[in-house]
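Visitor: My questions all concern the structure below.
The values are calculated or read from the model by the stated rules, or taken from the named source; none is laboratory data. Computed from a predicted model, the values in this text were never measured in an experiment. Neighbour counts are summed over all protein chains in view; Cβ atoms, including those assigned to glycine, are modelled from backbone coordinates with ideal geometry. Side chains are part of the model used for accessible areas, which takes the heavy atoms of the whole protein and leaves out ligands, DNA and RNA. Shrake-Rupley method; radii C 1.70, N 1.55, O 1.52, S 1.80 Å.
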Amino acid sequence: MLMPPRDYMECAISLARLANGYTSPNPAVGAVVVKDGLAIGMGYTQPAGSEHAEVMALRQAGDKARGAAIYVTLEPCCHFGHTPPCTEAIINAGISEAHIALLDPNPLVSGQGVNRLNEAGIKTQVGAYQQEAYEINEAYIKHITTGSPFVTAKFAMSLDGKIATRTGESKWITHDEARKHVHTLRHTVDAIMVGVNTILVDDPRLTARGCGGKGGVRKMQPLRLIVDSKGKVPLNAHIFEQPGEVLLAVVEPLSSQKKKEFTQAGAEVLELPSEGGMVNVEELLKVLGKRKVVSVLVEGGGKLLGSLFDHHLVDKVLAYISPIVIGGKEAKSAVGGKGVGNIAEALRLSQVKIERFNEDILVSGYVKG
């Protein structure tokens, strides 16, 4: 495929996005092999334990790879894991130059991949499309450098910040197109987290449905995580239905009878320390990180979101806003918790983006440290 040189890395970025949601805990990477102005090999990371992007692209290029250039969105690995080092595959293929969007912060790589390629006489360039490559793997980068999952807080609300009416009705604040976008997001995360009140009020399944929210349910489902301090979720809730695994986070100790009932319903029960009578969310995230849960999408409700914001545990915010006014002092707000005492202490977002889904608006951004 003939394309301008500036487009090779852009193509690799697009390939990496195709892998997003299928590679965890590994990063999602795209690679393109180019020779004489032609893309002769393309690939993206396969599910964890399978081939990496570079190997897929080199395999497609075959013998033509000798003397070619490779464009890859993340620094090639130089260590043995479930698969051999990608640096050696690049060297053995006879690649003459490597263009890399972003260095891998994994301590096992972190510049060593580039050094290995340079030692073998391969010219390297780093930095093109660096921001795009970073955003694709922001969750991986946080997890590999801190051991904690990347937490995205998502909520849908009215113009006046309400997520339900005073009677508890919440379906549907946003319209169909915005809800389809949420299912697309669910495809990319390891876990979906909600508080028990969300289960009691809405009885959701929390599955990632097919493309755009239509069609069948995808084979690989995110972990469905319920934060339920006292074990109040009803055993006939939709959350216990297949497909997908269910993790119930409760305050320790939970009665053996309740634990048995939840286990028989198909859930794993995780007992955690209490903080003010609620599950200690910091401890919960530590456990998730150790389990290699790289990304968590928190979908409510207000009490859980408030606890996460109060503890400064949210990395990214996705706020879907519908042009309606609900009103009522008893109507629930999107974010509860203690909050801040003055405006100067308010959490602020950076890299703010605004998207439109018909009448609804999505405001997204990263919580400033």
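Visitor: Look through region 343-364, keep the residues that are within 13 Å of Asp176 (Cα to Cα) and either modelled with pLDDT of 95 or more or out of contact with any strand residue (DSSP E or B) (no Cβ under 6 Å at 6 or more places or on another chain) (or both), and return whichever of them is most open to solvent (accessible area, probe 1.4 Å). Give the steps one after another, and end with the answer.
Guide: Start the filter on region 343-364 by keeping residues that are within 13 Å of Asp176 (Cα to Cα), which leaves 356-361.
Okay, now just the ones that are also either modelled with pLDDT of 95 or more or out of contact with any strand residue (DSSP E or B) (no Cβ under 6 Å at 6 or more places or on another chain) (or both), so 356-359.
Details: Arg356: 179, Phe357: 21, Asn358: 98, Glu359: 106 Å².
Taking the candidates together, the pick is Arg356.
Visitor: Those residues that are under 22 Å from Ser307 (Cβ atoms), free of Cβ contacts under 8 Å to residues at least 40 places away in the same chain, surrounded by fewer than 12 Cβ atoms within 10 Å (Cβ to Cβ) and more than 27 Å from the chain's Cα centre (by Cα), I need them from region 253-280; list them, please.
Guide: Pro253, Gly276
Residue by residue, here is whether (1) touching a Cys at 6+ places or on another chain (Cβ under 9 Å); (2) surrounded by fewer than 22 Cβ atoms within 10 Å (Cβ to Cβ); (3) in a helix (DSSP H, G or I); (4) of a type in the set (Phe, Trp, Tyr) holds:
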site: Ser110; (1), (2), (3), (4): no, yes, no, no
site: Asn115; (1), (2), (3), (4): yes, yes, yes, no
site: Asn118; (1), (2), (3), (4): no, yes, yes, no
site: Glu132; (1), (2), (3), (4): no, yes, yes, no
site: Lys142; (1), (2), (3), (4): no, yes, yes, no
site: Val151; (1), (2), (3), (4): no, no, no, no
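Visitor: Exactly one condition in (1) within 28 Å of the chain's Cα centre (by Cα); (2) at pLDDT 95 or above is not met by Pro84; state its number.
Guide: Here Pro84 meets the rest and fails (2).
Visitor: Cβ-Cβ under 8 Å, sequence separation 6+ or interchain: first residue in region 234-246 and farther than 19 Å from Met220 by Cβ, partner of a type in the set (Phe, Trp, Tyr) and assigned to a helix (DSSP H, G or I). Which pairs?
Guide: Listed by first residue and then by second, the contacts come to Leu235/Phe262.
Visitor: Then there's this: Among the residues of region 161-195, write down those that are outside any loop (DSSP other than H, G, I, E, B), under 17 Å from Val296 (Cβ atoms) and not hydrophobic (A, V, I, L, M, F, W, C).
Guide: The answer is His183, Thr184, Arg186, His187, Gly195.
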